[in-house]
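Structure record follows, encoded as structure tokens.
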Amino acid sequence: MYKKIYLNDNWKFSFDLKDRMTEPSYDESLMEDVRLPHTVKATPFNYFDEKIYQTVSLYRRHLFIPADHEGKRISLNFCGVAHKAVVYINGKETASHSCGYTGFKVDISDSVRYGEDNVIAVSVDSNETLDQPPFGFVIDYMTYGGIYRDVYIEVSDTVYINDIFLKSVIEGYSIRLASEIEVSNPEREVCQIKQYLKDRAGNEEEIASGAVDMKLSLLSGKLNVDLWDINAPNLYDIKTVLSRGDEVIDEKVISFGFRKAEFLKDGFYLNGKKIKIRGLNRHQSYPYSGYAMPASIEENDAYILKNELGVNAVRTSHYPQSHDFISACDRLGLLVFTEIPGWQHIGGEAWKEIAVTNVKDMVLQYRNHPSIVLWGVRINESVDDDEFYARTNKAAHELDPTRQTGGVRALKKSRLLEDVYTYNDFVHDGKAKGCEPKKNVTSDINKPYLISEYNGHMFPTKIYDSEEHRREHALRHANVLNAVAKEDDIAGSFGWCMADYNTHKDFGSGDRICYHGVLDMFRNFKPAAYVYAAEGAEETVLELSSTMDIGEHPGCNRGDTYIYSNADSVKMYKNGRFIKEYFPSDSAYKNLKHGPIRIDDFIGDAIKNGEDFTEKQAETVKEILNATALYGMSNLPKRIWVKAGFMMLRYHMNFSDAVALYGKYVGDWGGSATEYRFEAIKDGEVKKTVIKKPASGLDLSVSVSKSELRETKSYDAALVRIRAVDDLGNPVYFLNEPVEFITDGPIEVMGDKISALRGGMGGVFVRTTGKAGSAALKIKTQRGVCAEVSFNITVERKDTM
């Protein structure tokens, strides 16, 4: 019977491969004990040379194979090794793999000794000089190194299920399941396949069966299932059982969603319904640990994208990413555009051959994920190469005729061999149009069109940049989203990008960080993130583009202030006095459901009720004072000066009157502090309140991805996001000071134990150490402000060795 056993513990590691290190007799006493996932080199947060992780390292592990396993098939599986792996069993080279982003398996049945100890050794080349994708020229992301995903063995009969490809067959209201099943069966014995569907209530029914020797195609009858959708990601366990007579010799269970996804010339359709894709690009990297994170952290990124940022899609730029992440997208209803490794450069024939193999591996390994709707079969932003890309397209279509292909380019009017023209549109610079019309980009106007990147390097933004800069960053994202929403023949867009990331010397801000994200590296929100959240998140969103501190701005002129909210309305108060109620229809972003809303009134009815003015005089004075609050005296629009002149002539008002009225109704200095209160209203109730006034205290706001940590196949980890806030809960963007992380119990910090809040924000990853119990993380600032997070850790080491 089939067994899957994880081998993530008890590895030995050496940063440098030394003589005889692959041989069983090598003395391991000087090697480091590590657990997987593992990175070859923990990196600093910033300002480090990418050469520090480039090496040929070695991992070793002992493996006892019971004597009764002889005659079975034993497969050693690696989910991700960066970047070239050579596997040795008992000192003999057994296999190699030349891609850091796809998995591979090695049949070690004839290489191991049964009833004895065996030694697995894996040399890992993480040098960026390798002649394989994505290497060959510059790359705008760090590539790290190590065995950074799971390793496991499979023990099965010599006759076993080698591959299953599940396909939805949807015709009107009829839903059926088609399956292509491949059995490894050297003697071509006649075996039986039965397939079962388990519904969400746990009920299991047989849906198809047939005799098989090597390959079998099955088609179920009509099924009583619900479709997989972004708002209802219905999943069903499909169990495929292989039997020899009455003996069950293998079975596979796949979590599957029934859906029909297609890109047409006028957009993207899911189950016949047109959906505008609103997504972000994601790198799989994290501070300090690079690519090496357990399932829970990968899953947390999917949660943030779907539930916090409210997007409906993600592009796995620029390589296939963890099955843990993609499976979370399946469960959450997050559409995925995944692609082969690469960045601009196309190498020689051997390099291209590896790239074609990468296409095949990507499709074979990921094609049962319902969330994946598009295969990326071009090297990101590369030039046209018809012969090469004819091969990559053919490979994808042959292995998966149910999905379309795309290929990300930065070229207009490029040769289109794929099904969808996917283009990085960086036309928007803050002033230019939000996006190019489809006809300006591609001559194939009858083919689907998708924007794969925008913004990003056009306006890098740090969390501690000036308020004007952060506001501009947010509005640029809103501008593109609004423009894309207007274009009926654009399937959607992916913003660059989800989170900041470490990069090479040729890119970024000189500190080895690309500040292109709407989140920082610890997944804290920059203001631009609220633009996405307001458009798609279910939880009530309410934030302002300004802290309302006038001294932050040139000439003490606050300029435009925007409300980011998904509420039915937002009520604004000043010093307890109602000013105005804003509605989504007040936004200038007419193609968004909840676009940013510009605040245009700081006075309300105060002048009308507080001065002996005519109604017209009160309204005109109010307009002049509001304009002065926004732009300052020196930048007032001409029309405001005209109105001021009229007030002087008609009502004999003078400059002294204007100064007195401004101080009374607008001025934010002297006397008591001005307080602004904003209330988000949903269904007639106040769901969230934001108060802006000068800070008088400091606190730490801490959110943890999970407090219940479970060790199953490896260590577990949690992300603790930290925001310094004032006494009213508002972020303090200019606080930059050290924080210390102190652990108690069976957890440890991943990275520096003393770090810094940057722009008042930071974070830390903690992981388990193999022991159960209670644990705590204490966070302490230099000035003594503290926060504490508690964890409960359980160890359930099932199916591990």
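The values are calculated or read from the model by the stated rules, or taken from the named source; none is laboratory data. Please read these numbers as outputs of a predicted model, since none were measured by experiment. We place every Cβ from the backbone using ideal geometry, glycine too, and count neighbours over all the protein chains shown. Calculation scope for accessible area: heavy atoms of the full protein, side chains included, ligands and nucleic acids excluded. Shrake-Rupley method; radii C 1.70, N 1.55, O 1.52, S 1.80 Å.
Quick notes on this one:
- Members of the stretch 720-733 found to be in contact with a Gly (Cβ under 8 Å, 6 or more places away or on another chain) and either closer than 17 Å to Arg523 by Cα or exposed (fewer than 15 other Cβ atoms within 10 Å of the Cβ) (or both), listed by number: Val720, Arg721, Ile722, Arg723, Ala724, Val725, Asp727, Pro731, Val732, Tyr733
- Restricting Glu418, Glu381 to those that are surrounded by fewer than 22 Cβ atoms within 10 Å (Cβ to Cβ) and among the acidic types (Asp, Glu) reduces the list to Glu381.
- Scoring Ala211 on the criteria (1) surrounded by 15 or more Cβ atoms within 10 Å (Cβ to Cβ); (2) out of contact with any Asp or Glu (no Cβ under 6 Å at 6 or more places or on another chain); (3) of a type in the set (A, V, I, L, M) leaves a single failure, condition (1).
- Checking each residue in the stretch 89-110 for being open to solvent by 40 Å² or more (accessible area, probe 1.4 Å) and over 16 Å from Ile5 (Cα atoms) picks out Lys92, Glu93, Thr94, Ser96, Asp110.
- Residues that are surrounded by fewer than 17 Cβ atoms within 10 Å (Cβ to Cβ) and either touching a Cys at 6+ places or on another chain (Cβ under 7 Å) or in a strand (DSSP E or B) (or both) within the stretch 220-238 comprise just one, Asp237.
- Residues of the stretch 18-57 satisfying the condition of being without any contact (Cβ under 8 Å) to a residue 60 or more places away in the chain, charged (D, E, K, R) and more than 25 Å from Pro294 (Cβ to Cβ): Lys18, Asp19, Arg20, Asp27, Lys51
- Residue that is least open to solvent (accessible area, probe 1.4 Å), among those in the stretch 239-255 that are among the small types (Gly, Ala, Ser) and under 19 Å from Ala211 (Cβ atoms): Ser243
- Residue satisfying all of: in the stretch 269-294; assigned to a strand (DSSP E or B) and of a type in the set (Gly, Ala, Ser); farthest from Lys447 (Cα to Cα) among these: Gly290
- Number of positions in the stretch 166-197 that are assigned to a strand (DSSP E or B), among the basic types (Lys, Arg) and more than 30 Å from the chain's Cα centre (by Cα): 2
- Scanning the stretch 577-608 for residues that are small (Gly, Ala, Ser), open to solvent by 40 Å² or more (accessible area, probe 1.4 Å) and part of a loop (DSSP other than H, G, I, E, B) yields one hit, Ala588.
Residue-by-condition table, conditions (1) among the small types (Gly, Ala, Ser); (2) at pLDDT 95 or above; (3) under 27 Å from Ala537 (Cβ atoms):
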residue: Tyr196; (1), (2), (3): no, yes, no
residue: Ser209; (1), (2), (3): yes, no, no
residue: Met214; (1), (2), (3): no, no, no
residue: Ile230; (1), (2), (3): no, yes, yes
residue: Leu235; (1), (2), (3): no, yes, yes
residue: Asp250; (1), (2), (3): no, no, no
residue: Ile277; (1), (2), (3): no, yes, yes
residue: His283; (1), (2), (3): no, yes, yes
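- Residues within the stretch 774-794 that are open to solvent by 30 Å² or more (accessible area, probe 1.4 Å) and either under 28 Å from the mean Cα position of the chain (by Cα) or of a type outside the set (A, V, I, L, M, F, W, C) (or both), tallied: 10
- Index of the failed condition, His504 passing every other in (1) touching a His at 6+ places or on another chain (Cβ under 6 Å); (2) assigned to a loop (DSSP other than H, G, I, E, B): (1)
- Note on the stretch 551-567: residues that are at pLDDT 75 or above and either surrounded by fewer than 17 Cβ atoms within 10 Å (Cβ to Cβ) or on the phi > 0 side of the Ramachandran plot (or both) total 6.
- Ile297 fulfils the conditions (1) farther than 20 Å from Ala42 by Cα; (2) not polar (S, T, N, Q); (3) not in a loop (DSSP other than H, G, I, E, B) except for a single criterion, (1).
- Every pair of residues 6+ apart whose Cβ atoms lie under 9 Å, when the first sits in the stretch 174-196 and is among the polar types (S, T, N, Q) while the second is open to solvent by 20 Å² or more (accessible area, probe 1.4 Å) and outside any strand (DSSP E or B): Ser174/Lys222; Ser174/Leu223; Ser184/Thr158; Ser184/Met214; Asn185/Thr158; Asn185/Asp213; Asn185/Met214; Gln192/Gly245
- If you go through the stretch 194-212 and keep only what is in contact with a strand residue (DSSP E or B) (Cβ under 7 Å, 6 or more places away or on another chain) and not small (Gly, Ala, Ser), you end up with Lys194, Gln195, Tyr196, Leu197, Lys198, Asp199, Glu204, Glu205, Glu206, Ile207, Val212.
- For the stretch 142-165, taking the residues that are open to solvent by 10 Å² or more (accessible area, probe 1.4 Å), of a type outside the set (Lys, Arg) and assigned to a loop (DSSP other than H, G, I, E, B), the one that is modelled with the highest pLDDT is identified as Asp150.
- Count of residues meeting criterion [assigned to a loop (DSSP other than H, G, I, E, B) and open to solvent by less than 20 Å² (accessible area, probe 1.4 Å)] in the stretch 537-550: 5
- Index of the failed condition, Glu262 passing every other in (1) more than 23 Å from Lys72 (Cβ to Cβ); (2) free of Cβ contacts under 8 Å to residues at least 60 places away in the same chain; (3) in a strand (DSSP E or B); (4) open to solvent by 20 Å² or more (accessible area, probe 1.4 Å): (2)
- Listed conditions (1) crowded, with 22+ Cβ neighbours inside 10 Å; (2) touching a helix residue (DSSP H, G or I) at 6+ places or on another chain (Cβ under 6 Å) are all met by Thr338, apart from (2).
Conditions (1) modelled with pLDDT of 95 or more; (2) in contact with a Lys or Arg (Cβ under 9 Å, 6 or more places away or on another chain); (3) part of a strand (DSSP E or B), marked per residue:
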site	(1), (2), (3)
Lys12	yes, yes, yes
Asp16	yes, no, no
Asp33	yes, yes, yes
His38	yes, no, no
Lys41	yes, no, no
Pro44	yes, yes, no
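- Scanning the stretch 326-340 for residues that are touching a residue at least 40 places away in the same chain (Cβ under 8 Å) and closer than 19 Å to Arg259 by Cβ turns up Ile326, Ser327, Cys329, Asp330, Arg331, Leu332, Gly333, Leu334, Leu335, Phe337.
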